[in-house]
Amino acid sequence: MWRYVKREAGLWRIPLLVVVLSGSAVACEPAGGPGDIDGGSDRAEAELAHGRYLVDNVLLCFNCHSQRDWSLYSGPIVPGGERRGGEVDLFLDPTAAPDISPRALRTWSEDDLVAALVQGRDRDGRPFHQRWMLGNFADLATADAIAVARYLLADASSEIPARSSGGATGAARGAYLVSLGRCELCHGEDLGGGSAVAVPGGESLPAANISLDVETGVGRLSREEFIDYFKSLSGPEFQRVEVPPDTPNTAMPWPQFSQMTRDDLGSIYDHLATRAPVRRPVPAP
């Protein structure tokens, strides 16, 4: 299975394809947020599902605030270790990410959490240590920030499904999604890739060129092929792929990003199409 993952990654030249990239903030709140959902308790349930989708598959909150198993491909979250806090250990930053379970957040109000997400400050106004990791959260649409806060505060959140509320598609939606993902941390502001990210136990595979350059980036993929590649890595068989000793792992959170909706993945591709292609070969591992 490990050979299969590496072979496929090499074929498409996207061994470390972080799908959300830095980009200009969307000036208006995108359609399709929780505010577009109608109807009482049904709306509340849909809002929580949308909050979970954002937390799990877009913002990736639990990738830092959970225990992860870096002996496996992409460092999946340890079952039962969700929300309980963890060592970030990426980008050579050993800072401990705190517990953000509902129990730990029991004294926080919804407004506290929304402000923390958007402003990157605690309730006393002190900037979080990792403000650099949270900076793009300032772009969160109000309705999305509220959905995230409500999900984080919800009891029995493991029973809440993860589901996007749908709505807008296209390059503007993609720009919003890529802004939230801080993809430039791995792939650079020009999306040309090439750098390696420190992960527990060693370095990662080099960050891929995810510009739409046909020769060295992902421009050889059509929109549907781009979506299909992500979806091909969404099965449970990719959650338990062991990484041999002295073999680079990947910082790409495939378990989470592969669960994004086809509409959102397509919108990300639409956004990539608005960015300048970069001719930069990235050596295969």
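What follows is calculated from the coordinates using simple rules that are stated; it is not laboratory data. From a predicted model like this one, the values you see are computed outputs, not experimental measurements. Counting neighbours? That spans all protein chains shown, and the Cβs are built from the backbone with ideal geometry, glycine included.
What shape does the stretch 162-285 take by its C-alpha gyration tensor, where a ≥ b ≥ c are the square roots of the eigenvalues and a/c under 1.5 counts as rounded, a/b above b/c as prolate, and the rest as oblate? Can you show the working numbers first?
Values: a/c = 1.81, a/b = 1.22, b/c = 1.48.
It is oblate, given that a/c is not under 1.5 and a/b is not larger than b/c.
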> Rounded, prolate or oblate: which fits the stretch 230-285, taking a ≥ b ≥ c as square roots of the Cα gyration tensor eigenvalues, rounded meaning a/c under 1.5, else prolate when a/b beats b/c?
Replying inline: oblate
> Hey, what do the phi angles of the stretch 253-264 turn into as Karplus ³J(HN,Hα) couplings, whole Hz, using 6.51/-1.76/1.60 and θ = phi - 60°, x for Gly and Pro?
Replying inline: x, 4, x, 8, 5, 5, 8, 5, 6, 4, 4, 5
> Amide H of residue 68: which non-local residues (sequence gap of 5 or more, or other chain) have their own amide H closer than 5 Å, using H built in the peptide plane?
Replying inline: 78
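Pull out the extension gain between residue 106 and residue 123, defined as 0.36 nm times the separation in residues minus the alpha carbon to alpha carbon distance; nm, one decimal. Intermediate values should be presented prior to the final figure.
Details: separation 17, 0.36 × 17 = 6.12 nm, distance 1.35 nm.
The residue 106-residue 123 span can extend by a further 4.8 nm.
Full-extension gain between residue 232 and residue 259, please, as 0.36 nm times their residue separation minus the C-alpha to C-alpha distance.
On the way: separation 27, 0.36 × 27 = 9.72 nm, distance 1.01 nm.
Fully extending the segment from residue 232 to residue 259 adds 8.7 nm.
Taking the stretch 214-285, which trypsin sites (Lys or Arg not before Pro) meet the DSSP loop condition and have no more than 12 other C-beta atoms within 10 Å? Mind dumping the intermediate values first?
Details: sites: 220, 223, 231, 240, 262, 275, 279; in loops: 220, 240, 275, 279.
Qualifying residues, ordered by number: 240, 279.
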> From the phi of every residue in the stretch 68-80, what ³J(HN,Hα) in whole Hz does the Karplus formula 6.51 cos²θ - 1.76 cosθ + 1.60 yield, where θ is phi - 60° and glycine or proline is x?
Replying inline: 10, 9, 7, 7, 10, 4, 6, x, x, 5, 5, x, x
